[in-house]
Amino acid sequence: MSSALDQSAAKATRLGRAIAPVAAEHAGKSGIHMLRGGKNMFAALTLLARAAERTLDVQYYIWNDDMTGVLLLEELHAAAKRGVRVRFLLDDFNTFWLDRRLAAINTHPNIEVRLFNPFVWRKLRLYDVVNNFPRVNRRMHNKSFTVDNQATIIGGSNVGDNYFGASDDMLFVDLDDCRSGPAIQDMWLLLNGEDSERGAQLGEILEGYEMFRPFERRERHLIEPLRCYRQVSHCAWLAKRWDDPAFPRFFPWFGQPRFWSDQILSLREQLSALQAPAISLPGQY
């Protein structure tokens, strides 16, 4: 079992020393820089990998077996050869074509490859999907690339030519935004289960969040309004674009009575949730 690089060791790295003067000027705050465009994203990932001295902590939902995907795998391997400890967590849903490459880099003593919710049947994955769908459907959509526990790239972009502008066929545009508005607008999406479970989950999230900035406890009362707003906004988004021929094709259930009866039932349940007290936080959180 490995752990993240401690702060004293992290600040002694080249990256830590470079960040230190700016961090000192803005004590208690986080620095955020928007990466615009896939090519800038790929360049930043490559340069950060080459800057790593101690650790590289990488986790992604999709890592394609294409030009940019292979180049970044080579950067991870090159870092490991320099003595950098590389921890690589990848969702197993999209790794069919990567099995051999992942097995190869995992042989390096400085690289730990881990697969989230792996398929039991490596070559017959459809068998797992059909016979074990509830388990297989649990996926990890995290995307982060953290170097020496000092700088990290996070957001919506996975790894592949069609994310980095290196494909002639298709380009996925993911917008990685800086946080604005109440912090809870992003946190509540991570919570699930009963009230007590969600309260405990929020407490764990805040334990890390409040290492960087305070959290306004009154924002807990926004969770259910935000949930209701998201549900109504999603329906409005579909309705507004229903004249686009692609929408009836890809969302055929939207025009069916069953969908709307489920929505009405859900909104009635949501009304009760809006009138209930906000979830409580355990202990000091």
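Brief remarks on what is shown
- Region 70-122, residues that are aromatic (Phe, Trp, Tyr), open to solvent by 60 Å² or more (accessible area, probe 1.4 Å) and not in a loop (DSSP other than H, G, I, E, B): PHE93, PHE96, TRP97
- For first residues located in region 252-265 and more than 13 Å from TRP242 (Cβ to Cβ), partners that are surrounded by 10 or more Cβ atoms within 10 Å (Cβ to Cβ) and not hydrophobic (A, V, I, L, M, F, W, C) and lie 6+ apart or on another chain with Cβ distances below 8 Å form the pairs GLN263/GLN231.
- Number of positions in region 204-221 that are under 20 Å from ASN142 (Cβ atoms) and either surrounded by 12 or more Cβ atoms within 10 Å (Cβ to Cβ) or of a type outside the set (A, V, I, L, M) (or both): 7
- If you go through region 243-255 and keep only what is loosely packed, with under 13 Cβ neighbours inside 10 Å and over 29 Å from ILE223 (Cα atoms), you end up with ASP243, ASP244, PRO245, ALA246, ARG249, PHE250, PRO252.
- Residue selected from region 123-141 under the condition open to solvent by 70 Å² or more (accessible area, probe 1.4 Å) and part of a loop (DSSP other than H, G, I, E, B), by the criterion modelled with the lowest pLDDT: LYS123
- The listed residue being farther than 30 Å from MET34 by Cβ, at pLDDT below 80 and open to solvent by less than 80 Å² (accessible area, probe 1.4 Å), out of LEU191, LEU267, LEU281, LEU274: LEU281
- Failed criterion for ARG36 (all others in (1) in contact (Cβ under 8 Å) with a residue 24 or more places away in the chain; (2) among the basic types (Lys, Arg); (3) in a loop (DSSP other than H, G, I, E, B) hold): (1)
- In region 8-25, the residues that are of a type in the set (Lys, Arg) form Cβ pairs under 8 Å with partners that are open to solvent by less than 60 Å² (accessible area, probe 1.4 Å) and part of a helix (DSSP H, G or I), at six or more places apart or across chains, as follows: LYS11/ALA20; ARG14/ALA51.
- Residue within region 151-161 that is farther than 30 Å from LYS11 by Cβ, over 16 Å from the mean Cα position of the chain (by Cα), in contact (Cβ under 8 Å) with a residue 40 or more places away in the chain and open to solvent by 20 Å² or more (accessible area, probe 1.4 Å) present: yes
- Number of the exception - GLU53 against (1) modelled with pLDDT of 90 or more; (2) assigned to a loop (DSSP other than H, G, I, E, B); (3) closer than 21 Å to ASN162 by Cβ: (3)
- Of the residues making up region 157-188, those that are at pLDDT 80 or above, in a loop (DSSP other than H, G, I, E, B) and either more than 23 Å from ALA43 (Cα to Cα) or of a type outside the set (S, T, N, Q) (or both) are GLY160, ASP161, TYR163, PHE164, GLY165, ALA166.
The values are calculated or read from the model by the stated rules, or taken from the named source; none is laboratory data. All values reported here derive from a predicted model rather than from experimental measurement. Quick reminder, even Gly has a Cβ in these numbers, built from the backbone with ideal geometry, and neighbours come from all protein chains shown. Surface accessibility is based on the protein's heavy atoms, side chains included, excluding ligands, DNA and RNA. Shrake-Rupley method; radii C 1.70, N 1.55, O 1.52, S 1.80 Å.
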